[in-house]
Amino acid sequence: MKLIRHMSLTTRIGLLFFLVALFTFIAVGTYLYRSLFNQLEYRDDQELIGKITLMRHLVEESGSSAAIRANPHAFLDAAAHHDRLIVMLKEMNGETILHTNADQGHLPVISVLPADMAVTQKAITLLWTSHGLAARAIATKSRLMNGEQILIVVARTASDRMELLKAYRMEVWIAALAGTLLVAISGYFLVRRGLRPLRMIAAQARSVTAHKLDKRLDIASAPQELHDLVQAFNAMLDRLDSSFQRLSQFSADLAHDLRTPINNLMVQTQVALVQARSVEDYQTLLISNVEEYERLARMVESMLFLARAEHTHVVVNKSVVSLAEELQRIADYFEGLAEEAGVRIAVHAQGKVYADAILLRRALGNLVANAIRYTPRGEVISLHGETRTDGATIRIVNPGPGIATEHIPHLFDRFYRADAARSNTASSAGLGLAIVQSIMTLHGGKVAVRSEKDGLTVFALIFPAK
């Protein structure tokens with residue numbers, strides 16, 4: 001089995017061709033041989049029946065056993081031209097009257113021959129002569145003209161037909177072996193030629209590297225049976241290319257975002273160490289450093305959450321949650337920040353949602369924090385919640401400058417910021433919306449966004465039914 005597993009597909013199919021051809025030729029050859037054997041045996045048996053019928057007729061026309069012994073020519077002529085044919089005439093006391101072809105041996109078990117049966121093929125019996133030759137024999141009883149009953153036995157040890165059958169059997173085996181080898185060799189080369197497109201696809205796949213993820217397999221050169229495989233492989237390359245691009249972009253964005261607070265910490269500390277400072281200066285430096293440390297801690301915590309969510313290591317404890325209570329809780333939590341920004345938060349919700357309350361609050365908090373940041377003073381941020389038969393939907397609606405159409409497909413990418421002016425601020429790490437999308441994925445739902453220039457921006461959290 002281990003050897004077969006290490007064989008190439010071409011060798012395996014070629015071996016299967018060999019085995020199938022071998023069994024097929026053997027089966028067909030055996031069938032043809034048995035069919036011919038039965039036909040020849042039937043003809044020999046019919047000849048035996050004809051001979052014993054003739055011998056019985058000659059016996060009935062003979063006057064006595066002594067007359068047969070004195071003039072056996074009629075019987076000898078009837079058995080002539082058959083060197084393998086044995087004719088025996090015996091008296092009922094076992095004494096032999098006539099025995100042709102004695103060199104073929106005697107039939108020692110005459111008593112087992114069904115002499116009382118009708119002269120049909122069923123009366124023919126297979127016996128062995130005293131010389132060890134197999135013979136098909138038939139026997140019958142007949143009466144002479146003087147009323148004496150004698151036993152007639154006709155047997156054949158072999159025939160020209162059966163000798164021909166032996167030669168035919170050898171030819172069948174030779175033909176079966178030759179045909180098997182021919183089919184196996186032809187099948188091997190045909191399979192090898194038929195699998196050429198597969199080798200071409202393998203060569204194309206080997207040309208795909210980390211630096212050439214944009215290459216795709218040519219589906220036009222693949223046979224119809226491999227189209228699904230090629231399409232699946234190309235789709236996998238698309239996903240790998242997209243993931244690789246996101247990973248490269250993520251690494252670059254991560255390095256850029258970490259560099260800013262680290263540079264701030266390093267520069268401020270180096271400046272403070274140039275000369276002695278007052279206690280107040282050192283306190284100011286420590287406060288500034290703490291802010292940078294908090295920013296780094298938030299960034300690391302957010303990245304850790306995204307990594308765990310992506311590998312489904314976040315435990316989701318779902319329960320039935322009141323939409324009105326949760327949205328009001330978020331509005332109360334951000335009330336101070338909203339007043340400082342000069343905006344107001346209004347809640348319009350009813351029904352329930354089946355979700356993890358802690359993760360839901362985190363997603364809502366990120367969206368509401370963004371809404372407060374971009375809503376002009378004096379405007380209202382609306383939190384809507386409703387339940388339908390297919391689930392629940394939460395909408396965060398805020399007026400503002402809106403989001404440009406080209407930014408919307410990338411809003412949920414990590415470290416992506418639509419507002420370049422805020423790219424280096426400490427207020428955002430560019431991970432909030434990515435966290436929102438991960439939370440909705442954990443719930444089996446999705447997040448959608450719709451925005452109008454200088455109009456309303458709507459973020460919708462769509463949860464499936466319980």
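The values are calculated or read from the model by the stated rules, or taken from the named source; none is laboratory data. Keep in mind it's a predicted model, so treat the numbers as computed, not measured. Heads up, the Cβs are rebuilt from the backbone with ideal geometry, glycines too, and the neighbour counts pull from every protein chain shown. Accessible surface is based on the protein model in full, side chains and every heavy atom, while ligands, DNA and RNA are left aside. Shrake-Rupley method; radii C 1.70, N 1.55, O 1.52, S 1.80 Å.
Assorted remarks:
- The calculated FRET efficiency for the pair Leu226 and Ser319, based on their C-beta separation and a Förster distance of 45 Å, comes to about 0.40.
- Here the label points at Arg192 and Ala167, each 7 Å from Cα along the C-beta direction, are separated by 3.9 nm in the simple model.
- Think of the stretch 128-244 as a dipole: +1 on every Lys or Arg Cβ, -1 on every Asp or Glu Cβ, centred on the Cα centre; then among Ala178, His227, Leu240, Ala178 lies furthest on the positive end.
- Where the Cα pairs of the stretch 157-248 fall when distances are cut into 5 Å bins, in %: 3, 11, 14, 12, 9, 8, 6, 6, 5, 5, 5, 4, 4, 3, 2, 2, 1, 0, 0
- At R0 = 41 Å, FRET efficiency that the Cβ-Cβ distance of Ser207 and Arg362 yields, to 0.05: 0.35
- Accessible area of Lys352 in the full protein assembly, 1.4 Å probe (Å², nearest 10): 110 Å²
- Excluding same-chain neighbours fewer than eight residues apart, the lysines reachable from Lys446 by a Cα-Cα span under 21 Å are Lys318, Lys352, Lys466.
- Note on His410: accessible area is roughly 80 Å² with a 1.4 Å probe, heavy atoms of protein only.
- Protein accessible area in the chain, 1.4 Å probe - carbon and sulfur %: 59 percent
- With the charge dipole of the chain set up from +1 on Lys and Arg Cβ and -1 on Asp and Glu Cβ about the Cα centre, the Cα lying farthest toward the positive end among the listed residues His73, Ala27, Ile97 is that of His73.
- The heavy atoms of Lys446 present about 120 square angstrom of accessible area, all protein chains included, probe 1.4 Å.
- Set of lysines near Lys51 by C-alpha distance (under 22 Å), chain-local residues within fewer than 8 positions excluded: Lys90, Lys122, Lys141
- Each residue of the stretch 214-225 is assigned a 3J(HN,Hα), and the resulting list reads 7, 6, 10, 6, 7, 6, 5, 8, 8, x, 4, 5 Hz, derived from the Karplus form 6.51 cos²θ - 1.76 cosθ + 1.60 (θ = phi - 60°), x at Gly and Pro.
- Selection from Ile462, His348, Phe17, by position along the positive dipole direction of the chain (Cβ): Phe17
- Each Lys and Arg contributes +1 and each Asp and Glu -1, all at the Cβ; summed about the Cα centre of the chain, the dipole is approximately 540 debye.
- Stokes-Einstein D (µm²/s) once Rh is taken as the Kirkwood radius of the stretch 25-100 over alpha-carbon pairs, at 37 °C in 0.692 mPa s: 224 µm²/s
- log₁₀ of I(q)/I(0) at q = 0.06, 0.11 Å⁻¹ - the chain, Debye sum with one point per alpha carbon: -0.58, -1.00
- Ranking of Tyr354, Tyr31 by solvent-accessible surface, largest first: Tyr31, Tyr354 (1.4 Å probe, protein heavy atoms only, all chains present).
- Rolling a 1.4 angstrom probe over the protein heavy atoms with all chains in place gives the chain an accessible area of 58 Å² per residue.
- Prolate/oblate/rounded call for the stretch 337-409, Cα gyration tensor, a/c under 1.5 rounded: prolate
- Shape class of the stretch 132-182 from the Cα gyration tensor (axes a ≥ b ≥ c, square roots of the eigenvalues): prolate, since a/c reaches 1.5 or more and a/b is larger than b/c.
- Residue-by-residue Karplus 3J(HN,Hα) for the stretch 65-74, coefficients 6.51, -1.76, 1.60, Hz, glycine and proline x: 5, 5, 5, 5, 5, 6, 9, x, 4, 4
- If you take all other residues with their beta carbon under 15 Å from the beta carbon of Arg206, and give Lys and Arg +1 and Asp and Glu -1, the sum is +3.
- Packing order of peptides 328-337, 234-243, highest average first: 328-337, 234-243 (average count of other Cβ atoms within 10 Å over each peptide's residues).
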